[in-house]
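Comments concern the structure below.
The values are calculated or read from the model by the stated rules, or taken from the named source; none is laboratory data. Note that the structure is predicted; figures quoted are calculated from it, not measured. When we count neighbours, we look across all protein chains shown, and the Cβ atoms used for this are built from the backbone with ideal geometry, even at glycine.
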Amino acid sequence: MDLWYPKGSSYCLLGLSDSDFSSFKSDRKSTSGTCHLFGNYLISWHNKKQHSVAFSTIEAEYVVAESCCSQILWIKQQLLDCDLKLGWVPIKCDNTSAINLTKNPVLHSRTKHIEIRHHFFRNPVEKKDVTFEYVDTKNKLADIFTKPLPSESFLKIRRELGIFDTSCLK
């Protein structure tokens, strides 16, 4: 498998995050998955089991959104070191409650159990370094990092991420 980066790509950065709530049946922990696209091509990805059990899908999605945001901020800094300054970067998520929580600085009684360290990205949101946007569940590229998919969906997402099997070309 190879990643494909054609010439003439645009200079835009995009983050995608997803969580599979309580996917590990033995300990009920969720799986987090993020990917980061530059000019619509995959440059960074991450998936792992979350450290603690999430009490809700909102918490699971919020925690992975925080992880995605920290990677976006790091990538933006690396690009700035190369004299490439980007404006706001969208992070796509399919959970509207988690998106609303990023925009509302008031801790709701339903979410006060979320650890404070996961709220760090409110500052980048206020400064408009990142924005959280809704993505339809059918169009989530980050699904490939969090759950088993039917082969048709898997191959479609893999193609959209620019991952190709080049062994047949050699």
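The single residue among Lys85, Lys170, Lys140 that is loosely packed, with under 14 Cβ neighbours inside 10 Å, basic (Lys, Arg) and at pLDDT below 85 turns out to be Lys170.
Checking Ser22, Ser32 one by one, the residue that is more than 29 Å from Tyr5 (Cα to Cα) and modelled with pLDDT under 85 is Ser22 and no other. Taken over the range 141-164, the criterion of being in contact (Cβ under 8 Å) with a residue 12 or more places away in the chain, of a type outside the set (A, V, I, L, M, F, W, C) and closer than 25 Å to Lys7 by Cα is satisfied by Arg158, Glu160, Gly162. Residue count for the range 1-19, restricted to those that are at pLDDT 80 or above and in contact with a strand residue (DSSP E or B) (Cβ under 6 Å, 6 or more places away or on another chain): 7.
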